[in-house]
Amino acid sequence: MRSFVPWMTQLDERILEQLASGGAATSWEVGFELTGTVSPGRVTERCKVLVDAELVEREDRDIGFGRVETYWSITTWGRLYLSEEVDPGLDVPEPGPRPPHATRPGEWAGF
């Protein structure tokens, strides 16, 4: 049984398992394959967290006409996590808070 990592969700583990079995995929493909269909936006959000934890890699592929498609793939750390050989709560730093330039100033929120 995998140990509890506070920032990981059940969806994170399902994404890792999907990438391990199916190879690199877009957020839409991952969401479509998961039972209960998950929105591509939610998959992208969780994949970004997994990238910060070094469990997933992001690859942007040029598909022509100035468009880029993002593919996600599992890393060696991700495979080791699934096989219960590493604990990302101990071996990989926890994703940090949003940087100051990515948050709204207090006056926008009314305080």
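The values are calculated or read from the model by the stated rules, or taken from the named source; none is laboratory data. Note that the structure is a prediction, hence the values are computed from the model and not measured. Cβ: placed from backbone, ideal geometry, glycine included. Neighbour counts: every protein chain shown. What goes into the accessible areas is simple: the full protein's heavy atoms, side chains included, and nothing from ligands, DNA or RNA. Shrake-Rupley method; radii C 1.70, N 1.55, O 1.52, S 1.80 Å.
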Over all distinct Cα pairs, what is the inverse of the mean 1/r for region 1-85, reported as the Kirkwood hydrodynamic radius in Å?
13.1
Given a 1.4 Å probe and heavy atoms of the protein chains only, how would you sort SER21, SER73, largest accessible area at the top?
SER21, SER73
Accessible-area order for GLU33, GLU13, largest to smallest, probe 1.4 angstrom, reads GLU33, GLU13
Determine the sum of side-chain charges near ARG67: Lys and Arg each +1, Asp and Glu each -1, restricted to other residues whose C-beta is under 13 angstrom from that of ARG67.
-2
When every protein chain stays in place and a 1.4 Å probe is rolled, LEU11, LEU19 sorted by accessible area with the largest first are LEU11, LEU19
Can you pull the one-decimal nm distance between simple spin-label points at ALA20 and PHE32, each 7 Å off the Cα toward Cβ?
2.4
